[in-house]
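I have placed the structure first, in the form of structure tokens, so that the comments after it can refer back to it.
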Amino acid sequence: MRCLALFSGGLDSMLACKLMTMQGIEVVALHFDIGVDVSSEKLKVLEDHAHEAGATFHVVDVRERYLNEVLFSPRYGYGKAFNPCVDCHGFMFRTALSLLDEFGASFVISGEVLGQRPMSQRSEALRQVRGLAGCEEELVLRPMCAKLLKPTKPEIEGWVDREKLLGLSGRGREKQMELAAKFGFKSFESPGGGCAFTMADFAAKILDFLRFEGGVKFEKKDELRGLDLRGVMSVADLQSLRFGRHLRLDGGAKLIIGRDEADNAKLDALENERFERVNFDLVGAHALLSREASEEDKMMAARLVLTYCKFENGKSYEARVGERILRGVTPLASKEEAKRFFVLGA
């Protein structure tokens, strides 16, 4: 018997996998790449966590589908930021269920705990997720809180012993930590960790992108529901929102300035035709600027980037902006001056 697990690498998803492997059920831990915060280093950590719980690990690339089917048209709306949690869970269950035959599996599990997440793990939300997932055969099992829910097909058919499942609810973590110690788990994702879409600064960057690069007119994010936004944002666009300080210049150009060496490396690796690079022959920030920036925005961008480099006071510099060389570039008086350009939360 084999099942597929929605796997975040968090403690709950590890424990759900462990509860299945302890019953002799083979588990394939599926991690869905939705286009944010997935690096080779993180995937290696997640794979180690899956193995620790006795599962194999597989990454499912759903980036294009997520943008087109979930992010901008959630039936059940957003949370406080840009998080379509109910629709996201429904999408992931629906995708996992569609993969059962491919992996030779019989059902799907998750690490959800009833009442733990206010938007997506309420009783009503679980019902909504079930409808979005299109699971008429009750093939979704939640081992962490199963005893508080109606029996599913895996339990009814005897594939899983319901008595060996749990009945957890609420936001407490005591039982989970006790089980982690019992099973000898050495590490796991922070219990308080959240998806990037739940973060206010990331939501601000998405909204800013839609207004300026996407040309979408709206006042509040919920007004985006029902609009056809397919193709407005690409996977590369979404990736660009994850790194660096984001600034919107007076002429409308977007400037992204690396915060540190890691940010610089990610910006250097980013391939997005919307941007050209801003470079100085100095140690410091790397940056990307809208390719169609005005001459005024190009000069201001160069000054801003220089402000975050190691420069000598009283000296002017040459900047390369795409194929252009700008001469006589001087930094701003202080980094405080740069803050008026920041996209909220950047």
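The values are calculated or read from the model by the stated rules, or taken from the named source; none is laboratory data. These numbers come from a predicted model, not from an experiment. Neighbour counts are summed over all protein chains in view; Cβ atoms, including those assigned to glycine, are modelled from backbone coordinates with ideal geometry. These area figures cover heavy atoms from the full protein model, side chains too; ligands, DNA and RNA do not enter into them. Shrake-Rupley method; radii C 1.70, N 1.55, O 1.52, S 1.80 Å.
Before moving on, here are some points about what is shown:
- Note on N272 and E26: with the Förster distance fixed at 45 Å, the Cβ-Cβ geometry gives a FRET efficiency of about 0.65.
- Listed residues G104, A287, A200: farthest to the positive end of the dipole of the chain (Cβ charges): A200
- Charge dipole (Cα centre; +1 on Lys/Arg Cβ, -1 on Asp/Glu Cβ; no other charges) of region 268-340 amounts to roughly 240 debye.
- Whichever lysines have a C-alpha closer than 20 Å to that of K150, once near sequence neighbours (fewer than 8 apart) are set aside: K164
- In this calculation the C-beta distance from N279 to R94 is compared with R0 = 45 Å, giving a FRET efficiency of 0.50.
- Protection proxy ranking of 151-161, 84-94, 234-244, by the mean of other Cβ atoms within 10 Å over each peptide's residues and highest first, is 84-94, 234-244, 151-161.
- Two-decimal Rg to Rh for region 124-209 - Kirkwood Rh, Cα set: 1.07
- Calculated [θ] (222 nm, deg cm²/dmol) that DSSP helices of n ≥ 4 give over the chain, each run adding -39,500 (n - 2.57): -9500 deg cm²/dmol
- Here the simple spin-label model places points 7 Å from the Cα toward Cβ, and for R225 and R259 these points are separated by 3.1 nm.
- For the cross-link pairs K42/K147; K205/K315; K18/K44, the ones whose C-alpha atoms lie over 29 Å apart are K42/K147; K205/K315.
- Extension gain (nm, one decimal) between E295 and D161, 0.36 nm per residue minus Cα-Cα: 41.4 nm
- Partners for K310 among lysines (Cα-Cα distance below 23 Å; same-chain residues under 8 apart left out): K254, K266, K298, K335, K339
- Whole-number percent relative contact order across region 233-287, with pairs defined as alpha carbons under 8 Å at least 6 apart: 33
- Looking at the chain, the accessible area is 48 square angstrom per residue; that uses a 1.4 Å probe and ignores ligands, DNA and RNA.
- As a length-normalised measure over Cα pairs under 8 Å and 6 or more apart, the relative contact order of the chain settles at 15 percent.
- Heavy-atom accessible surface of the chain: percent carbon and sulfur, 1.4 Å: 48
- Which label in (1) 137; (2) 185; (3) 146 gives the computed volume of the Cα convex hull per residue in Å³: (3)
- On full extension, the segment bounded by D250 and S234 gains 3.3 nm, given 0.36 nm per residue less the C-alpha separation.
- Candidate aspartates and glutamates for bridging to K175, where Cα separation is under 19 Å - those fewer than 8 sequence places away on the same chain excluded: D12, E52, E112, E163, E189
- The chain - charge dipole about Cα centre, Lys and Arg +1 at Cβ, Asp and Glu -1, debye rounded to 20: 900
- Looking at region 306-337, the GluC sites (Glu not before Pro) that sit in a DSSP loop and have at most 15 other Cβ atoms within 10 Å of their own Cβ are E312, E323.
- Here region 1-91 was treated as a single set of alpha-carbon atoms; its pair distances binned every 10 Å from 0 give 17, 41, 32, 10, 0 percent.
- Of the GluC sites (Glu not before Pro) found in region 184-273, those that fall in a DSSP loop while having at most 12 other beta-carbon atoms within 10 Å are E219, E271, E273.
- Only Cα pairs under 8 Å and 6+ residues apart enter the sum, and on that basis the relative contact order of region 239-346 stands at 27 percent.
- The label point for F103 and the one for E69, both projected 7 Å from the Cα toward the Cβ, are 1.6 nm apart.
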